[in-house]
1. Does at least one position in segment 252-260 carry a residue that is modelled with pLDDT of 95 or more and in contact with a strand residue (DSSP E or B) (Cβ under 7 Å, 6 or more places away or on another chain)?
2. Please state which of the following conditions Leu292 fails to meet, knowing it meets all the rest: (1) buried (at least 17 other Cβ atoms within 10 Å of the Cβ); (2) touching a Leu at 6+ places or on another chain (Cβ under 8 Å); (3) not in a strand (DSSP E or B); (4) not charged (D, E, K, R).
3. Could you please let me know if Tyr184 is aromatic (Phe, Trp, Tyr) and farther than 25 Å from Leu284 by Cα?
4. Given the structure, is Ser280 part of a loop (DSSP other than H, G, I, E, B) and within 15 Å of Gly145 (Cβ to Cβ)?
5. Could you please find all residues in segment 250-264 being in contact (Cβ under 8 Å) with a residue 24 or more places away in the chain and touching a Leu at 6+ places or on another chain (Cβ under 8 Å)?
6. Please count how many residues of segment 14-46 are surrounded by 14 or more Cβ atoms within 10 Å (Cβ to Cβ), among the β-branched types (Val, Ile, Thr) and either under 22 Å from the mean Cα position of the chain (by Cα) or assigned to a helix (DSSP H, G or I) (or both).
7. Considering Leu11, Leu73, Leu57, which residue is surrounded by 12 or more Cβ atoms within 10 Å (Cβ to Cβ), touching a Phe, Trp or Tyr at 6+ places or on another chain (Cβ under 9 Å) and free of Cβ contacts under 8 Å to residues at least 24 places away in the same chain?
8. Scan segment 114-129 and tell me whether some residue there is of a type in the set (A, V, I, L, M, F, W, C), over 18 Å from the mean Cα position of the chain (by Cα) and surrounded by fewer than 20 Cβ atoms within 10 Å (Cβ to Cβ).
Amino acid sequence: MEALLVVSAALIIDQLCGEPRRFHPLVGFGFLVAKTETHFQKFTSSSITKTRALGLLAVGLMLLPFIVIGGLLSPFSIVFDVFILYLAIGWKSLENHAFAIYLALQKNDLADARKKTAKIVSRDSQDMDEEAVLKATLESVLENGNDAIFAAIFWYVIAGIPGLIAYRLANTLDAMWGYKTSRYLHFGWAAARLDDVMNYIPARLTALSYALAGHFSNAWRCWRKQANQCASPNAGPVITSGAGSLRVILGGPCSYHGILQNKPVLGLGASAKKEHIPASLNLLKRVIVIWLSVLAVIALVSNYAIH
């Protein structure tokens, strides 16, 4: 029952307040990560093993102190749990970013839509046409639905505040160090693998939830046939199931740091349209209802078993 109350309260606060506009802990953590990486990079070498070991040490130093502190403080107050989960969730922020792109496209302001898309994706947006903007936005909504909402809830329910902190900070490290560039390929290897491991189960639960909350047969078919074509072992199930659920086609060519990549075609149905953006946000809302319902059933069964 406590987990249901904490998750519900955190989601409500997120919807009412959104992300803190100033002094967000993850912003401060990102600053610390950047400083740490700059220091550790001085000791990297041509040795893959040594560079990966340094990256692993850096991950440990970034995670363990916060996990320990969170674990020590959590038992004293349910309010602390609600606050930390609220900080870890990015539901309202994701909605705001996606809807801003939708409004720009509704006004036929492609230049503004490109600028707003650049805030939520790492691919090059300056030369995107409308369909590319829509695909990038929808893929971001679906993937971040897992990363910024459902995986955070999963780890809180499974492992409490220590698990939640470990997941959210590992996800942030992956976002900063998980690139396959010459600078991060080996140094960021541990951060990327840790994020893959921690997202493995949540991503598949999210993919299943997307299927249940939308067009199930399409979602299941796309997940089963297309997920293994994606480079990411966790984004694959999430995006393919979400695209199938929305009955939209995503993927295809896009550019990262000036390099064109031909992503596989994902999903099944119509080409991406403006209306798919609010549809994707509504999909997230239905999945949240599913997850809260499951938590409520678990709480009732547990209470019945105790008594």
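The values are calculated or read from the model by the stated rules, or taken from the named source; none is laboratory data. None of the values given here were measured: they were computed from a predicted structure. A quick note on method: Cβ atoms are made from the backbone with ideal geometry, for glycine too, and the neighbour counts reach across all protein chains shown.
1. There is no residue in segment 252-260 that is modelled with pLDDT of 95 or more and in contact with a strand residue (DSSP E or B) (Cβ under 7 Å, 6 or more places away or on another chain).
2. All conditions pass for Leu292, except number (1).
3. yes
4. Numbers: part of a loop (DSSP other than H, G, I, E, B): no; within 15 Å of Gly145 (Cβ to Cβ): yes.
Here the answer is no, as Ser280 does not meet what is asked.
5. Leu250, Gly251, Cys254
6. 2
7. Leu57
8. Kept after step one, since they are of a type in the set (A, V, I, L, M, F, W, C), are these residues of segment 114-129: 118, 120-121, 128.
From what is left, the residues that are over 18 Å from the mean Cα position of the chain (by Cα) are 128.
Keeping just the survivors that are surrounded by fewer than 20 Cβ atoms within 10 Å (Cβ to Cβ) gives none.
Among the residues of segment 114-129, not one is of a type in the set (A, V, I, L, M, F, W, C), over 18 Å from the mean Cα position of the chain (by Cα) and surrounded by fewer than 20 Cβ atoms within 10 Å (Cβ to Cβ), which makes the answer no.
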